[in-house]
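Here the structure is laid out as structure tokens; the discussion comes afterwards.
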Amino acid sequence: MGIFKWMKEDMDVVFDQDPAARSYIEVFLTYAGLHAIWSHRIAHFFFNRRLHFIARVISQISRFFTGIEIHPGAKIGRKLFIDHGMGVVIGETCEIGDNVTLFQGVTLGGTGKEKGKRHPTVKDHAMITTGAKVLGDITIGNSSKVGAGSVVLKDIPDHSTVVGVPGTVVVQNGEKIRKNLDHHKLPDPVTDRCEQLQEEIDRLKEEIAKLKEVKQNGDHDL
């Protein structure tokens, strides 16, 4: 596919995904997600030819102007749509399929200093929404969705919906996995732990009060 056809395809995706898009000239000039993707293709070209320094310079310039950081080594398929995009980070060994949608604040990152494949693989038609963190060498399945603010550390099957910290599959193949989980009541392990600690403190206070009472009664008997 020629470069101009590829650019038009990318802009057509914006019209399909974003109702705020009004004209090609507006999309061409003002959509940071498009600029980041186009810059990445140039950087990736140099990266594949072992011109790593040039590739990194291009990616850093793109990051400065768009607020989107894509490592030049990342492999990105066709029709990626980055909505708004500020704060999006895509790591070196990420592999992103076709027709994927990413929202602002998404991180496709690693979990340590391990070598080799250490970033996620996102398959076709997946959607990762605002602020989600997908970490490590894991796979987000075809047509799967990751809820806003979720932290995903394990593989997600095809046609699934994931929410929470850590990410939990709540819908798979159109069927609810956890029927008691409301959309606005996402798991919060930090709050749960704090509540457990508070209950333990209250129990200890009660036991201390009882011991003081027993001691005071014993003193009166004497």
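Here is how the numbers come out for the structure above:
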read-out	value
Residue in segment 190-199 that is at pLDDT below 85, charged (D, E, K, R) and in a helix (DSSP H, G or I) present	yes
Out of T93, T107, sole residue that is assigned by TED's automatic domain parsing to the domain that holds V163, of a type in the set (S, T, Y) and touching a strand residue (DSSP E or B) at 6+ places or on another chain (Cβ under 6 Å)	T107
Helices (runs of 4 or more DSSP H) wholly inside segment 1-69 that include at least 2 residues being over 21 Å from the mean Cα position of the chain (by Cα), closer than 15 Å to I82 by Cβ and of a type in the set (V, I, T)	24-30
Selection within segment 102-142 - under 8 Å from the mean Cα position of the chain (by Cα) and assigned to a loop (DSSP other than H, G, I, E, B)	G105, V106, T129, T130, G131, A132
Residue list for segment 65-75, restricted to those being in contact (Cβ under 8 Å) with a residue 24 or more places away in the chain and buried (at least 19 other Cβ atoms within 10 Å of the Cβ)	T66, I68, I70, P72, G73, A74
Matching residues in segment 102-138 - criterion: being surrounded by fewer than 19 Cβ atoms within 10 Å (Cβ to Cβ) and among the β-branched types (V, I, T)	T111, T130, I138
Residue among Q60, Q17 that alone is of a type in the set (S, T, N, Q), surrounded by fewer than 20 Cβ atoms within 10 Å (Cβ to Cβ), closer than 23 Å to A132 by Cα and in contact with a strand residue (DSSP E or B) (Cβ under 6 Å, 6 or more places away or on another chain)	Q17
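Table: residues versus (1) assigned by TED's automatic domain parsing to the domain that holds F47; (2) modelled with pLDDT under 90; (3) within 23 Å of R56 (Cα to Cα).
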residue: G85; (1), (2), (3): yes, yes, yes
residue: L102; (1), (2), (3): yes, no, yes
residue: T111; (1), (2), (3): yes, yes, yes
residue: G116; (1), (2), (3): yes, yes, yes
residue: T121; (1), (2), (3): yes, no, yes
residue: H125; (1), (2), (3): yes, no, no
residue: I128; (1), (2), (3): yes, no, no
residue: I138; (1), (2), (3): yes, no, no
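The values are calculated or read from the model by the stated rules, or taken from the named source; none is laboratory data. Remember, predicted model here, so these are calculated numbers, not experimental data. In this analysis, Cβ positions are derived from the backbone assuming ideal geometry, glycine residues included, and neighbour counts consider all displayed protein chains.
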